[in-house]
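Take a look at the structure below.
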Amino acid sequence: MEQTAGAPVAAVTDAAAGAPLLRMADVHVAFGGNVALADVAFEIRPGEIVGLLGHNGAGKSTLVNVATGALRPQRGTMEVEGRSVPLRGNPRDMERAGIKVIHQEPALSDNLSVADNITLGRADERLSPRKRRRIAREALALLGSTLEVDQPVSALAFGEKQVVDLARALSTNLHVLLLDEPTGALGQHETDRLHDLLRRLASEGHGIVYVSHRLRDILEVCTRLVVLRGGHVVLDRPAAGFGIAELSAALVPEMQAIEHVHVDSAADETMLSVEWAGGQRFQFQRGEIVGLFGMAAGPQFTFLESLYGLGERADAELDGRRFAPHSPREAIRRGVYYVSANRERDGLLAHMSALDNLVLPWMRHHTRFLAFSHAKAAKVYARAEDVLNVETGHIDDPIVALSGGNRQKLVVGRWLFGRQPKVLLLSQPTQGVDVGARADIARALRRLTGEGVTVLVASSESDEIELLCDRAFVCEGAPWQALERSADWSERLLEALIRRAA
């Protein structure tokens, strides 16, 4: 069942699935004059994996916080297996009712063992070490894991820590499990393994709520989709037969307005020519967005780094002149700018304000007689806010106070509102941001290409390539395979990558 934006819809019911494990009704949350949830109804039945989606500010985090007791609503009711549970903002109440949450970063104590982490915080806290190990092994066995329970959590890989977090939830009376961005830091193999675990839990009668920005993951594992927009449920329907394009349109209707262009590669408008991958020559035209698609940590990322003066030097021509930068400074001087996939490590200075982070490369342009002109820089920031739809409390607030999507917009925006680039190199530019931020970034890039800028996007996510790019190369093996846009482009990119990798 679907309705227009802002209009609530009734929950999907399926008598065959049994009575709801969790039912929430008339949940209303407001922060001052801002309504985060407008009398929302939400339920989940045994065996369901429900994808909960929405862009930043849509209300999904607020709904999860109410369900887990982290937030007390102004009004609303909640039932677990038909029994009323008070919504008084007490996480202990929800844990005792069998509502558990797994966050993107596992909430574990690295200095404790696997067994101690799994049994930590239980009502029967005074357990013998032998019983702790037995409980831990039984919980891990439910997940098909043979992790050694006496080893410290600090020795585990990220995916193994997630297994321990899941085992802790399973070691008690679990009814509903909520996962917040569970695959954000996982590779494809770990993601597939996690999805298998979730399907197993659902088959045993548990209810799963899956929150993620990665639409392909949602469609792969979820049986029902719930979309929030502006604090309302605007879509609640089975996942079967729903594609990424339809889901994107439900999340952000204006996503459909993003147009892709065809640039005639035979035209004499080459901006960048690069020899790479065993002598293969690439031609990138003025005003196009080209995707470089491959495995995580694949050669597409090294390709971008070489054009930015990092690592191996490429044999290239930029706007008709030889281009082989020795350093990022030289690349920037020639009009080639780069955004790293790791914005927190490589793109942001956490101790600086949102404004300072935006204008960082261009500080000297806003400085006169050794004095930084805050007013001049603020005008640039206002333009970035308008073009990229950046949402901030105040431009002088620390950058870390912004959401991930808004931080990423500023990292991309710093290269759009200084000296205009000739070539913009983007490494997974929409990674970890919601679909609304993705749409804002896509529109800004399209505006940039309209001014003749060439954009290269390196990614391991076919969804990102499909959203942003006009054409793409599959960067596995040699020579790299070129693929033009088509109705089934995302599927063709994945098929080509798997075939070439094999």
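The values are calculated or read from the model by the stated rules, or taken from the named source; none is laboratory data. None of the values given here were measured: they were computed from a predicted structure. Cβ coordinates were reconstructed from backbone atoms using ideal geometry, including for glycine residues, and neighbour counts include every protein chain displayed. All accessible areas refer to the heavy atoms of the entire protein, side chains included, with ligands and DNA or RNA removed. Shrake-Rupley method; radii C 1.70, N 1.55, O 1.52, S 1.80 Å.
General remarks:
- Within the stretch 62-145, the trypsin sites (Lys or Arg not before Pro) that combine a DSSP coil assignment with at most 11 other C-beta atoms in a 10 angstrom radius are R88, R126.
- Here the stretch 79-180 is treated with +1 on each Lys and Arg Cβ and -1 on each Asp and Glu Cβ, and its dipole about the Cα centre works out to around 440 debye.
- Net charge contributed by nearby residues that have their C-beta within less than 11 Å of M352 (K/R +1, D/E -1): -3
- 5 angstrom amide H check on I102, placed H, neighbours 5+ away: L178, L179, D180
- For the stretch 58-101, the share of accessible area belonging to carbon and sulfur comes to 42 percent (1.4 Å probe, ligands and nucleic acids excluded).
- Heavy atoms of the protein chains alone define the surface here; on that basis the stretch 56-164 has 52 Å² accessible area per residue at 1.4 Å probe size.
- Sorted peptide list for 468-476, 192-200, criterion being average Cβ within 10 angstrom, highest first: 468-476, 192-200
- Built amide H within the under 5 Å cut-off of M271, gap 5+: F284, Q285, R286
- Cα-based Rg of the stretch 398-487 normalised by 2.2 N^0.38 Å, two decimals: 1.15
- Inter-label distance, nm, simple model (7 Å from Cα along the C-beta direction), A30/R72: 1.8
- As a fraction of the 1.4 Å probe accessible area of the stretch 391-502, surface on carbon and sulfur atoms comes out at 50 percent.
- Computed about the Cα centre, the dipole magnitude for the stretch 392-502 is approximately 420 debye when only Lys and Arg (+1) and Asp and Glu (-1) carry charge, each at its Cβ.
- Between R134 and E148, full extension at 0.36 nm per residue minus the direct alpha carbon distance yields a gain of 3.9 nm.
- The accessible surface of the stretch 122-233, taken with every protein chain in place and a 1.4 Å probe, is 49 percent carbon and sulfur.
- Each of M295 and E491 was given a label point 7 Å from its Cα along the Cα-to-Cβ line. The distance between the two points is 2.5 nm.
- If a spin label sat at a point 7 angstrom from the Cα of N342 along the line to its beta carbon, the backbone N atoms of the stretch 457-475 nearer than 20 Å would be those of 458-461.
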